[in-house]
Structure formats: C-alpha cells, structure tokens
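Structure first, then comments.
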Amino acid sequence: MSSTVPRRRALVATVAGAALATSVAVALPASAAPGARGPAADRGPTTLRVATFNASLNRSVEGGLVADLSTPDDPQAQAVSEVIQRNAPDLLLVNEFDHDADGRALDLFRENYLEVGQNGAGPVEYPYAFSAPVNTGVPSGYDLDNDGSVGGPNDAYGFGFFPGQYGMAVFSKYPIDEDAVRTFQRLLWKDMPGALLPDDPATGTPGGWYSQEELEHVRLSSKSHWDVPVDVDGRTVHFLVSHPTPPVFDGPEDRNGRRNHDEIRLWADYVSPGKRSAWITDDAGARGGLTPGASFVVAGDQNSDPRDGDSLPGSIQQLLDAPRVNTSVTPSSDGAVEASLAQRGANLEHESPARYDTADFSEPPGNIRADYVLPSTDLRIVDAGVFWRTSDDPLSRLTTGTFPSDHRLVHVDVRVPGTGRR
Ligand SMILES: [Ca+2]
Ligand SMILES: [Ca+2]
Ligand SMILES: [Ca+2]
C-alpha cells in the first residue's frame with residue numbers, strides 16, 4: 001500500500017457520513033459494468049475507470065438542487081444520471097453540483113437517480129461519496145471586483161450567488177479514506193510563491209488590483225481543491241479534484257485568467273516533490289504536497305484548452321508537462337469533430353484538434369478542451385474517451401448542445417499496480 005499524507009482528524013464537517021449510513025452498498029456482479037469489481041485475488045491488476053463530468057447540476061437558489069433531486073423526475077438530473085450510467089465510472093468527480101451542509105444532494109442523487117436505471121441504462125451504485133464546503137458564494141466582505149460596492153457574486157471568495165453554488169461531489173465504488181482527505185479551500189493566493197496576482201490597470205501597480213488588506217483574505221481556489229484518497233484494492237489513489245475559475249468575466253486586469261492559471265498550478269506544484277510543493281498548506285494547517293511516488297489522478301473542469309480560448313498561455317501545460325503526469329493517451333471523440341464542423345465559426349480556426357474538445361461553448365470561445373482526467377505515470381492508461389456521440393448514434397440525444405450539460409463526460413481507464421495477483 002502506498003503511503004498517504006499523515007492521518008489527521010476529519011476536517012470536513014460535511015463528509016458523507018449520513019450518506020454512508022443511508023446508502024445501501026449492494027455488491028455489483030462482476031459483469032455489471034466495465035471496471036466492476038470482483039475478488040482481487042481472482043484477477044490481474046485492477047482496472048479503474050476514472051471520470052470527470054461538469055454536469056451543470058447547479059441551481060439558481062439555495063436548496064434548489066435538493067428540491068429537484070427529492071423527486072425522481074427532474075429531466076436534467078435524469079439525463080445526467082444516464083450519462084453517468086452509460087459510462088459507469090468507478091471513481092467520478094461531478095463539477096457544478098451545489099453543496100449543501102447535510103450532504104442531502106449526494107444521497108438524493110444516488111437514491112433517486114443513479115440507482116434507478118434511466119432509459120434502459122443499468123443503475124450504478126456508489127457506496128462512497130464526498131463533498132465539502134466551497135468558496136463560491138461565500139461573502140468576502142471586500143470589494144474584490146473593484147466596482148465601488150461590496151456584495152454580490154463577484155465579491156464572494158469565488159463567483160456565486162449563495163454558498164455552495166457550483167460545488168463539487170465525488171462518487172466512488174471504492175472506500176474513501178475520509179480521515180486522510182486534505183482540503184485547500186482557505187489557502188491564500190498571496191501565499192503561492194510567484195503568484196500571478198493581478199495588477200491595477202489604473203495605477204500600473206504590480207499586483208495592485210487587491211489591497212494589502214484584501215490579500216490577507218483573497219483565496220486561491222475559486223471552489224476548492226480536495227485530495228481525496230481512495231483505497232483501490234489495497235492501493236491508495238489520490239483523487240485530486242478542483243474546478244478553476246473560467247478565465248473570463250473580468251476586465252483588463254484579467255484577475256480570472258490569472259487565478260485560473262494559479263489554480264491549475266496548485267495541483268502541478270502539489271504533485272512535485274520538494275521545494276515546489278513545500279509552500280502548500282491545507283485547511284487543517286498541514287504543510288507540503290503529495291508524498292513522492294504516490295499514485296494520483298487529477299480530475300476536473302480546468303477551464304483551459306492547451307491552444308484555444310481565453311486562458312493564459314501555458315496554463316494547462318503546467319499539468320500536462322508535469323513530470324509525473326501521464327499524458328500518453330488523450331481522450332477524444334468523433335462527436336466533437338462532427339459538432340465542430342457543424343457549428344463552424346471559431347471552431348474552424350482552433351489550433352487544438354476538435355476531437356479533444358470536451359465543452360460545447362458558444363462563441364467566444366467555441367468548443368474547447370476544458371475537462372481533464374490526468375493520472376500519474378505509474379497508472380498505465382488502457383482506454384480513454386470523451387462521451388460525445390455522433391448524430392447517427394441514439395445516445396447523441398445525451399451529447400447534443402447544452403442539455404443536460406454544456407460539458408461532456410471524460411473518462412480514463414488505468415491499471416492500478418500492486419493490486420490483484422500475477
Ligand atoms: Ca464589488
Ligand atoms: Ca480574463
Ligand atoms: Ca475546439
């Protein structure tokens with residue numbers, strides 16, 4: 001078993017304790033889904049399907065998602081659920097899943113949607129789930145967008161209309177080591193060495209967009225960054241999840257582009273041993289990055305295409321070029337190529353291959369690669385894909401336009417060393 005960060009008491013009030021109590025852990029038959037588990041002793045190394053899906057399960061009011069998930073007939077949640085069922089990941093990050101303090105949305109989504117077969121797709125069971133508070137919609141008390149007044153979504157620690165909006169959720173078929181989870185919600189942006197703090201265009205002051213007082217409060221993560229260790233048949237895999245801000249919706253100071261760059265950098269630093277990660281401090285006060293050699297998968301909507309769109313040049317390359325990140329296979333789809341050719345416009349001028357696109361955006365920027373599943377180099381990639389079907393496929397009803405989401409599910413299947421019997 002690989003080592004993890006030192007054990008500590010659970011820092012998150014809202015881990016899925018209630019969810020574990022109410023969710024029925026029914027064993028799946030080994031043939032139920034790709035990557036379904038059987039007794040490890042009977043198999044070779046475990047193949048783990050890891051997915052990220054920005055499911056757009058955010059709502060306009062606090063409590064809206066819980067209300068919608070309380071019945072089994074919300075059309076969007078049904079379609080999101082079918083997308084997940086058709087792909088049946090073992091380990092899944094859902095971006096844009098409103099967080100509630102009691103974890104009710106986690107339970108309701110499983111009970112009323114994922115565990116109910118949708119349109120002929122088989123149910124999926126996730127005995128383990130994790131969520132925690134995020135920075136979106138949490139009032140900072142400062143005028144962070146410098147519009148002359150305090151309050152509203154742009155002055156929150158992360159853009160949002162109420163705390164928890166656009167949150168995140170992790171679902172797992174494998175046990176989550178909740179005591180070893182590390183969260184980085186409150187990490188300050190100024191504490192990153194060489195942070196790209198925005199300049200003040202009015203005065204030209206480098207890093208002057210935020211006052212010194214504000215910098216004592218401005219957080220790096222627009223939602224949160226979580227290191228969620230998962231026990232995969234005896235081997236710990238760290239699920240490193242986040243959802244960096246879109247680089248747009250700002251001004252010439254480009255505070256969101258710079259923040260997006262540095263949010264991506266946080267995980268790039270985290271998986272780099274030594275000085276590069278020494279500055280990182282989690283919400284419990286523990287310092288440092290991932291234990292050298294530990295297995296990990298970075299996942300999430302990074303809001304950054306390698307070549308196209310509005311992120312700062314080189315932003316996603318910080319992860320793609322990191323020595324321990326495995327980019328031997330790039331997830332792709334034919335559906336994205338078809339969409340790009342049909343929608344034309346900026347898509348035809350993009351530099352990144354359309355087959356790598358994961359998001360169906362209107363212009364600007366057009367369709368881009370925004371969503372990533374990036375394993376460590378010790379996890380051999382055996383399959384990968386973007387769930388974006390061509391129009392001749394009946395399942396294209398789940399991947400056309402922006403319903404149920406403007407993003408597509410991305411999966412990567414990896415072989416987990418040190419599991420099974422040779
Ligand atoms: Ca303001
Ligand atoms: Ca910008
Ligand atoms: Ca594109």
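Each reported figure results from applying straightforward, stated rules to the coordinates on display, with no laboratory input. Quick caveat, the model's predicted, so the values are computed rather than measured. When we count neighbours, we look across all protein chains shown, and the Cβ atoms used for this are built from the backbone with ideal geometry, even at glycine.
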Open item on the list: Going Cα to Cα from Lys173, which lysines come in below 26 Å? Please leave out same-chain ones fewer than 8 positions away.
Closed with: Lys223
- [ ] Provide, as a two-decimal number, the C-alpha radius of gyration of the range 32-151 over 2.2 N^0.38 Å, N being how many residues it has.
- [x] 1.30
TODO: Determine the percent antiparallel among the DSSP beta bridges restricted to the chain, to the nearest 5.
DONE: 80 percent
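For the chain, take the convex hull of the Cα atoms, compute a quarter of its surface area, and give me that in nm², please. Mind showing how you got there, number by number?
Working: hull surface 78.2 nm².
Result: a mean projected hull area of 19.5 nm².
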- [ ] Rounded to whole Å and ordered largest first, report the semi-axes of the equivalent ellipsoid of the range 94-222 derived from its Cα gyration tensor (root of 5λ).
- [x] 37, 16, 12
- [ ] Could you work out the mean projected area of the convex hull around the alpha carbons of the range 240-338, in square nanometres to one decimal?
- [x] 8.0 nm²
- [ ] Would you mind putting 91-100, 219-228 in packing order, based on average other-beta-carbon counts within 10 Å, highest first?
- [x] 91-100, 219-228
TODO: In vacuum, with every alpha carbon of the range 310-422 counted as one equal point scatterer, what does the Debye formula give for log10 I(q)/I(0) at q = 0.11 Å⁻¹? Two decimals, please.
DONE: -0.40
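From Cα pairs below 8 angstrom and at least 6 apart in sequence, can you work out the relative contact order of the chain, rounded to a whole percent?
Values: 1041 pairs, mean separation 78.5, N = 422.
About 19 percent, as a whole number.
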Open item on the list: For Asn54, what residues show an amide H to amide H distance below 5 Å, using hydrogens built from the backbone and excluding near sequence neighbours?
Closed with: Asn95
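Order these peptides, 310-316, 397-403, by their mean beta-carbon neighbour count within 10 angstrom, highest first.
Numbers: 310-316: 20.3, 397-403: 16.4.
Answer by packing, highest mean first, reads 310-316, 397-403.
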- [ ] Rank-order 366-376, 135-145, 62-72, 405-415 by packing density, defined as the average count of other C-beta atoms within 10 Å over each peptide's residues, highest first.
- [x] 366-376, 405-415, 135-145, 62-72
TODO: Give, in nm to one decimal, the length gained when the segment between Phe161 and Asp383 is fully stretched (0.36 nm per residue of separation minus the Cα-Cα distance).
DONE: 76.1 nm
Task: Equivalent ellipsoid semi-axes, the range 242-299, via Cα gyration tensor eigenvalues times 5, rooted, Å - done: 26, 12, 10
TODO: Tell me what the chain gives for mean residue ellipticity at 222 nm when only DSSP H runs of n ≥ 4 count, each as -39,500 (n - 2.57), the sum divided by the residue total, rounded to 500 deg cm²/dmol.
DONE: -4500 deg cm²/dmol
